[in-house]
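Working notes, structure below.
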Amino acid sequence: MAVKLTERAAEEVKRFRQENNFDEATSLRIGVAGGGCSGFNYTLGFDDKYDEKADSKYDCHGVEVIVDKKSALYLDGTTVDWYSSLEKQGFTFENPNAVKSCGCGSSFQA
């Protein structure tokens, strides 16, 4: 299984990439870092580097997503969506590997 972006999240990534003049070849890198109130934080960023041995690459609605293989262990099956309302907006993570999440949804425990 892989990390997936919803169509809405992919459109937001494309919009952001265009507004900030990122090259079309620049990929979205999704990962996990230690920290946060639940143990791990989700990380999102743009990257033009891909290491075939250390990374996995996925295409999600026209957005190339890179996940390092260590993070992939925690993110397998995760769906990234874009949420927008009057009080907040941002990416959300639906992670089947998380046994506990913090209230803000940006960190989890596996």
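No value in this document is a laboratory result; all are computed from the given coordinates. What you see is a predicted model; the values in this text were computed from it and never measured. As a convention, Cβ positions derive from the backbone with ideal geometry for all residues, glycine included, and neighbour counts pool all protein chains shown.
For the stretch 52-68, 3J(HN,Hα) computed residue by residue from phi via the Karplus equation (6.51, -1.76, 1.60; θ = phi - 60°) reads 4, 7, 9, 10, 10, 10, 9, 10, 10, 6, x, 10, 7, 10, 10, 10, 5 Hz, glycine and proline entered as x. Convex hull volume per residue, computed on the Cα atoms of the chain, equals 104 Å³. Restricting the trypsin sites (Lys or Arg not before Pro) of the stretch 14-69 to loop positions (DSSP other than H, G, I, E, B) with no more than 13 neighbouring Cβ atoms within 10 Å leaves K49, K53. A run of the chain free of exposed loop cleavage sites, with GluC sites (Glu not before Pro) counted only in DSSP states other than H, G, I, E and B and at most 11 other beta carbons within 10 Å, reaches its longest extent at 53-86. In this structure, the pairs whose alpha-carbon distance is over 26 Å, taken from K53/K88; K4/K69; K14/K57, are K53/K88.
Here the calculated FRET efficiency for E7 and T43, from their Cβ-Cβ distance with R0 = 22 Å, stands at 0.50, rounded to the nearest 0.05. When the chymotrypsin sites (Phe, Trp or Tyr not before Pro) in the stretch 38-88 are filtered for DSSP coil states and for at most 16 other beta-carbon atoms within 10 Å of their beta-carbon, the remaining sites are Y50.
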